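The next block holds one structure in the form of structure tokens; read it before the comments.
The values are calculated or read from the model by the stated rules, or taken from the named source; none is laboratory data. Note that the structure is predicted; figures quoted are calculated from it, not measured. Every residue, glycine as well, gets a Cβ built from its backbone with ideal geometry; the counts of neighbours run over all protein chains shown.
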2 protein chains.
Amino acid sequence: MMNLRNAPLHSLTATQIVAAVSAGETTCEAVARACLERIAEREPKVQAWEYLNPDYVIKQAQTLDSGSKRGPLIGVPYGVKDIIDTADMPTEYGTPIHKDHRPQRDAACVALSRKAGAVLMGKAVTSEFANVHPGKTRNPHDAARTPGGSSSGSGAAVGAEMVPLALGTQTTGSTTRPASFCGVVGYRPTWGDLRLNGVMEASGTLDTLGILARSVDDVALYRDVLLGIEPQPVVDVDTRLRIGFCRTHNWSKVEPTTQKLLEDAAARLTRAGATVEDVTLPHDFEALEDAHRWISGFEMARNLTWEIENHWNEISEQFRNGRLTDGLACTYEQYVAMRHHMHHCRKLLLPILDRYDVLLAAAAPGEAPVGWHPVPHPWVYMIWTTMHVPSITLPLFKGPNGLPVGAQLLTRHYDDRRLFAMARWVDRQLMNA
Amino acid sequence: MMNLRNAPLHSLTATQIVAAVSAGETTCEAVARACLERIAEREPKVQAWEYLNPDYVIKQAQTLDSGSKRGPLIGVPYGVKDIIDTADMPTEYGTPIHKDHRPQRDAACVALSRKAGAVLMGKAVTSEFANVHPGKTRNPHDAARTPGGSSSGSGAAVGAEMVPLALGTQTTGSTTRPASFCGVVGYRPTWGDLRLNGVMEASGTLDTLGILARSVDDVALYRDVLLGIEPQPVVDVDTRLRIGFCRTHNWSKVEPTTQKLLEDAAARLTRAGATVEDVTLPHDFEALEDAHRWISGFEMARNLTWEIENHWNEISEQFRNGRLTDGLACTYEQYVAMRHHMHHCRKLLLPILDRYDVLLAAAAPGEAPVGWHPVPHPWVYMIWTTMHVPSITLPLFKGPNGLPVGAQLLTRHYDDRRLFAMARWVDRQLMNA
């Protein structure tokens, strides 16, 4: 079904690994060893991992090979952002405050992955508390640049072909951003769909899991595993897509090269048979950046009370002087007004979502910037995250330095499966054009 | 400001304790000792506590007495439901699977309580995973009866005057029910308002914290502490209340004695100056019981994947054969349809909530039943929990056996503070009548 001789095992997608293992063409152990070798080669530069124990990875793979269980992710190595609990590895939330912390149980998403036969490769670097202060990870395509955060290690590990899949989370742009910067597919589900039991709450009104992968099919497969349902293949799109091209009020802040890449893509999709129309969001949406700022700040400053009270000086200055100070100063009335505004805009978005099959938007202003700041330009992501709609970021473009630039597709709540079908169609049109 | 000689310290409300400690009329240690003595007396029968360490309680109180910090809950002993993480006490989720589990940090709500100067008395019994299988706790007013669950120990400890405050949670009726059965005030906040960081997620779409207390003022005080804001006193209601009396389609299942208690209360409130009108909910609301069943089942069965995969035989038969089996069999399509139905009914409720200042509804069909089943008649609570509106249960009545029966007041999202004002007015009218 595929020619494994031409593709090194570490570069296979999850879907390909499952097929190859199931067909007896390779073993879980061989795949795990290939990924570990890749890690040994790339990790000194990329530094995607907070915790990695090769012997334990091999042991997991051997157990799967000698067992009779054949889950839908059999033999697929994956990384887990280090704000997600694991029973067999430390979970440190990107802070020395929780050094060597060992949870007693797996988060729901980890237990579901394990149940599906996936091989837990290790814990991927997160920025401090999934917030602004960077971890050690570098961009896999240029070590002088940020991988993006806060799911830095998850994006970099998938981008460096160390693992085909990784779990991240998103409160602002923590999956979309590293996906764009590391050149991988990033998926933020319909808010509320994928369970967060065992995942550190940053801001419950906004938090979701995120999936980093190297194909849309892998994202679809992993989503079904995380929903705890029988995986269903992505179908082909059978209609002429109506695409809404949504520049947003921040368009002038998107780099001109990226503007051109997106506009060219829109033109190519039109030629491929889609109808592409410009969408202008109501002015109300401009205040969503404030809404996001105060909601996330208010909630984070409460969620991390234990750390604030007991370890204030071990929290980074960036976080203390930024979101935490914001959040501690925010009144309840302001917080509620912002939640009301978010609801209001979600209602305004519904007829727009109904008019189009999918919205096309920037996933980043451009290539990953030079430096370590993991969360530049939050304004790209804030609007969409507050809308609670599903989003998939595709690694469609190369910027002026040959580095990846993604684009985002968004659709109606709960239409995630159809979003994958549309994303695959878009991906194929632009990759083959 | 109050005559402490007439009231034993263990029976004071939180508001009274704070006033007395602040005025130098008593000490944190004296209050803690009084509550510990009360526990020593009542605990053999009530069994509200999963974990209790008197020496450590005294130590906390002494530290507060010798310190200069004067938080808004200074010296107030409180209990914490054992699905909520505590850094200094075990957290076992009501299951032998997590025996002796010690979290590394406090849940947000515990850290906020500690910051406010409250004294953590111990961990209160929860039914297994905040679900159907009972813990050891007995009703404080009749040991042959259930205290109600799943916040069983929290309700019983407050009802038995062991502590003035306790934290619970609610996914179905887990705060409302023990409040009614144990004769205390129970508060379920506007969904999403109080942070759940460090609280076991049962069903994120439905979960909230809950407060158990012996006065409306205490609930209001504690809510502000948990919101991380400066406490504001409850104001007096300054309008003629419009009350919607909402029997729901389940009225025939409410015991006739309770029907009469509620109808008498409605009549007395009318005489006190309120306008009371009957409210009939649209038929669509009847399907909310199914919506609750499938949403909670689907989510719990994913959230507890680690336990299901590794400890299936240590999970109670009740839970395995009930919600978990339900949840594992529920399709994603059914789950989403149920979430859509919930949203649909929330929209239908909005104009009704706008027509009235407050809705009056049953908090239980009657007195606590004989036996240990902690979560009888979920149909009373399901509708209101799915609506995400704030609810306060007041211990207004006595049933045919002289045992407590509560009534529920509900209002618009985010209007929790106004709900307290109205609840206090209702409470005063009915208590003085």
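Can you tell me which residue among A:K59, A:K45, A:K81 is surrounded by fewer than 21 Cβ atoms within 10 Å (Cβ to Cβ), in contact (Cβ under 8 Å) with a residue 24 or more places away in the chain and charged (D, E, K, R)? Unique residue meeting the criteria: A:K45. Among the residues of the stretch B:170-208, those identified as closer than 13 Å to B:Y381 by Cβ and in contact with a Lys or Arg (Cβ under 7 Å, 6 or more places away or on another chain) are B:Q170, B:T175, B:T176, B:T208. Which residues, taken from the stretch A:188-222, are more than 21 Å from A:L288 (Cβ to Cβ), of a type outside the set (A, V, I, L, M) and under 12 Å from the mean Cα position of the chain (by Cα)? Once the filter is applied, which keeps residues that are more than 21 Å from A:L288 (Cβ to Cβ), of a type outside the set (A, V, I, L, M) and under 12 Å from the mean Cα position of the chain (by Cα), the stretch A:188-222 yields only A:R214. Taken together, the residues in the stretch A:225-262 that are crowded, with 18+ Cβ neighbours inside 10 Å and in a helix (DSSP H, G or I) amount to 6. For the stretch B:215-224: of the residues being charged (D, E, K, R) and more than 14 Å from chain A (Cβ to nearest Cβ), which is surrounded by the fewest Cβ atoms within 10 Å (Cβ to Cβ)? Selected residue: B:D217. The residue that is modelled with the lowest pLDDT, among those in the stretch A:116-132 that are β-branched (V, I, T) and within 30 Å of A:E299 (Cα to Cα), is A:V132. Answer yes or no: is there a residue in the stretch A:420-430 that is touching a strand residue (DSSP E or B) at 6+ places or on another chain (Cβ under 6 Å) and of a type in the set (D, E, K, R). Checking the stretch A:420-430: at least one residue is touching a strand residue (DSSP E or B) at 6+ places or on another chain (Cβ under 6 Å) and of a type in the set (D, E, K, R). Considering only residues that are buried (at least 16 other Cβ atoms within 10 Å of the Cβ), in contact (Cβ under 8 Å) with a residue 40 or more places away in the chain and outside any loop (DSSP other than H, G, I, E, B), look in the stretch B:311-333 and name the one that is farthest from the other protein chains (Cβ to nearest Cβ). The residue in question is B:Q318.
Checking every residue in the stretch B:90-104 against the condition of being touching a residue at least 40 places away in the same chain (Cβ under 8 Å), touching a Gly at 6+ places or on another chain (Cβ under 8 Å) and within 14 Å of chain A (Cβ to nearest Cβ) gives at least one match. As a summary of the residue check, A:K115 satisfies the conditions (1) surrounded by 22 or more Cβ atoms within 10 Å (Cβ to Cβ); (2) touching a residue at least 40 places away in the same chain (Cβ under 8 Å); (3) within 14 Å of chain B (Cβ to nearest Cβ) except for the one numbered (1). Within the set B:A265, B:A301, the sole residue that is surrounded by 15 or more Cβ atoms within 10 Å (Cβ to Cβ) and more than 10 Å from chain A (Cβ to nearest Cβ) turns out to be B:A265. Restricted to the stretch B:179-214, and to residues that are within 14 Å of chain A (Cβ to nearest Cβ), outside any strand (DSSP E or B) and among the hydroxyl-bearing types (S, T, Y), which residue is surrounded by the fewest Cβ atoms within 10 Å (Cβ to Cβ)? Here the residue is B:T190.
In the set (1) among the hydroxyl-bearing types (S, T, Y); (2) over 24 Å from the mean Cα position of the chain (by Cα); (3) within 14 Å of chain A (Cβ to nearest Cβ), the condition left unmet by B:S296 is number (2). Total residues in the stretch B:397-412 satisfying the condition of being surrounded by fewer than 21 Cβ atoms within 10 Å (Cβ to Cβ) and either within 16 Å of the chain's Cα centre (by Cα) or at negative phi (or both): the figure is 6. If you go through the stretch B:336-357 and keep only what is closer than 17 Å to B:T280 by Cβ and away from chain A (no Cβ under 14 Å), you end up with B:C345, B:L348, B:L349, B:P351, B:I352, B:L353, B:D354, B:R355, B:Y356.
What do you reckon, is B:L324 of a type in the set (A, V, I, L, M) and over 30 Å from B:R240 (Cα atoms)? The answer is yes for B:L324. Taking A:T176, is it among the hydroxyl-bearing types (S, T, Y) and within 14 Å of chain B (Cβ to nearest Cβ)? No; evaluated as a whole, the condition is false for this residue. For A:W379, state whether it is within 23 Å of the chain's Cα centre (by Cα), surrounded by fewer than 22 Cβ atoms within 10 Å (Cβ to Cβ) and either within 27 Å of B:R105 (Cα to Cα) or of a type outside the set (S, T, N, Q) (or both). Spelling it out, A:W379 is indeed within 23 Å of the chain's Cα centre (by Cα), surrounded by fewer than 22 Cβ atoms within 10 Å (Cβ to Cβ) and either within 27 Å of B:R105 (Cα to Cα) or of a type outside the set (S, T, N, Q) (or both).
Only one of the numbered conditions (1) surrounded by fewer than 24 Cβ atoms within 10 Å (Cβ to Cβ); (2) touching an Asp or Glu at 6+ places or on another chain (Cβ under 8 Å); (3) under 17 Å from A:A368 (Cβ atoms) is not met by A:H101, and that is (3).
When the stretch A:373-404 is filtered for residues that are in a strand (DSSP E or B) and more than 18 Å from A:T172 (Cα to Cα), the ones remaining, listed by number, are A:P395, A:L396, A:F397, A:K398, A:P404. Of the residues B:A329, B:A301, B:A291, the single one that is of a type in the set (G, A, S), at pLDDT 95 or above and over 24 Å from the mean Cα position of the chain (by Cα) is B:A329. Considering the stretch B:23-52 alone, what residues qualify as being part of a helix (DSSP H, G or I), out of contact with any strand residue (DSSP E or B) (no Cβ under 9 Å at 6 or more places or on another chain) and under 15 Å from B:T63 (Cα atoms)? Residues satisfying the conditions are B:E29, B:A30, B:R33. Per the listing B:G122, B:G148, the residue uniquely under 18 Å from B:T385 (Cα atoms) and in contact with a helix residue (DSSP H, G or I) (Cβ under 8 Å, 6 or more places away or on another chain) is B:G148.
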